[in-house]
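Engineer: Attaching a single structure in structure tokens format; questions to follow.
The values are calculated or read from the model by the stated rules, or taken from the named source; none is laboratory data. All values derive from a computational prediction rather than experimental measurement. In case anyone asks, the SASA skips ligands and DNA or RNA and just uses the protein heavy atoms, side chains included. Shrake-Rupley method; radii C 1.70, N 1.55, O 1.52, S 1.80 Å.
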Amino acid sequence: MATNATNWRDPVICPFCGDELTSPGAGFVDHIDDSTDCEEGFEHWRENISGDLAGEWTG
């Protein structure tokens, strides 16, 4: 992973590594499928916010 900080300001940039995504939805899903570091970052983020949401986030 390129950085420990996340950047949520641009939806076509991966918030975990800064790579450009093909799209903010499916492109992000494809990206985390291809990038183990980003997938781990996403799973960690999901675990951290899971108690803040009423139900499971479906993306």
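Engineer: Just to check your reading of the model, which residue among G18, G41, G27 is small (G, A, S), under 11 Å from the mean Cα position of the chain (by Cα), in a loop (DSSP other than H, G, I, E, B) and modelled with pLDDT of 90 or more?
Structural biologist: G18
Engineer: If you take the residues in the range 17-47 that are open to solvent by 40 Å² or more (accessible area, probe 1.4 Å) and polar (S, T, N, Q), which one is farthest from T6 (Cα to Cα)?
Structural biologist: T22
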